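Chemist: Below: one structure in structure tokens.
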Amino acid sequence: MALHHNLRLMKWFNFFIDFKPYSPIAIVYFAQVTGSFASGLLVFSIFSIAISVFEIPTGIYSDKIGRRKTLILGAIASVVSLTFYAIGGTFWMLVLGAIFAGFQESFFSGNNDALIYDSLAETKEQDTFHEHLGKINSMFQLGLGTSALLASLLVGISLSFVFWVSVIPQVIALLIGLRLTEPKVHFARESGNMYVHFREALKKFKENYKLRDLSLSSILKFGMGEVSHQFTPAFIVTVWPVWALGIYRSLCNLFAYIGSRCSGNILNKFSAFKVLLIGQVLSIAIDIGAVWYPGVWSPILISLTSISFGISLIALQALMHKEFSDKQRATMGSINSLFGNIFFAVFAY
């Protein structure tokens, strides 16, 4: 059976939407514009707040008006966000960029995976969701890794130039998004109250113990994983020079790409529970060994855990989407993402 039109496009959409040369130097640029690292970090905080505020409304929006329209709005928000960042000049211009970046993340959260699932359901292939999700979402890591290498070449020109270059792949992603089609299996549009829709989605979590356990696992994994991801560079610079942090990040992206890409085949041979358990145990063991016996090899060992990260992420998403209802699929994904971000904020503090 021919691959669904949307699945081919989503691979390249994910690649270009996460092709962000500015990512490694964002805090430096924000500090340069605002005059201090404290104000630069405040821009990131505003971005996180924006995601939390828009997360649930955009998930409901996706369930009510469609996956394609929601994705396109997110892509437009991404272009606007990067444009404001590139213009820079003042703190408030960066704030506008952060708000639109929050819009982008919240529009995509819950919606894009739901679009992939619904596209597969259209051809009655939803049982292969984990295979396609792994291959499609692996392109995120490929985009991040290659753009990080490009950043090292562009940063010598100027920091703002890196941001202007970053706008280009976002425009390409928008053009790709415009070619997507709305999955025909998506339920008929309805005009029900948003609060009722949200309440029904929460009720699903309450009634389905399996979904509740999977969601809790996802929330804990995201929160603790993000804290570790943000603080690991502090350890890396004790064994590698600061300039090599970009190499470390690229290795993480490369190994996460490999893990995501191979996840479908692995999940076809082993149960998702076994994959999650073994992956978690191996990651913890490697991290402990790398820190307990620190050396130049430590960053490479730590980056290898990204293979497990890529596989586990796909396994969790596949299990959760089997439990999500078609009517509230994007909203339920957004609810899970929201609580993951809240736990991250609390755990980090």
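Chemist: What residues from segment 298-319 fall in the zone where the backbone N is under 15 Å from a label point 7 Å along the Cα-to-C-beta line of residue 291?
Modeler: 298-299, 301-303, 305
Chemist: Determine which lysines satisfy two conditions relative to residue 203: a Cα distance under 30 Å, and not lying fewer than 8 residues away in the same chain.
Modeler: 64, 69, 124, 184, 221, 274, 322, 327
Chemist: Further question: So for the chain, taking the charge dipole from beta-carbon charges (+1 Lys/Arg, -1 Asp/Glu), which of 84, 157, 333 sits furthest toward the positive end?
Modeler: Final value for the positive-end residue is 333.
Chemist: Give me Rg over Rh for the chain, both radii from the alpha carbons and Rh done the Kirkwood way, two decimal places.
Modeler: Taking Rh as the inverse mean 1/r over Cα pairs, Rg/Rh reads 0.95.
Chemist: Under a point spin-label approximation (7 Å from Cα along Cα-to-Cβ), what is the residue 213-residue 271 distance to one decimal in nm?
Modeler: 1.0
Chemist: Now for a different question. So the label point goes 7 Å from the Cα of residue 171 along Cα→C-beta, right? Which residues of segment 83-102 then have their backbone N under 12 Å from it?
Modeler: Under 12 Å, as judged by backbone N against the label point of residue 171, lie 83 of segment 83-102.
Chemist: I've got another one for you. For the chain, what does the relative contact order come out to in percent, with C-alpha contacts under 8 Å and a separation of six or more?
Modeler: Once divided by the residue count of the chain, the mean separation gives 28 percent.
Chemist: Which value at 222 nm does the chain reach when only helices count, each DSSP H run of 4 or more adding -39,500 (n - 2.57), with the total divided by all residues and rounded to the nearest 500 deg cm²/dmol?
Modeler: Only helices count here, giving -27500 deg cm²/dmol.
Any read-out appearing in this document is the output of simple, stated calculations on the displayed coordinates, not a laboratory observation. These numbers come from a predicted model, not from an experiment. Because the Cβ atoms are built from the backbone with ideal geometry, glycine has one as well, and the counts that use them run over all protein chains shown.
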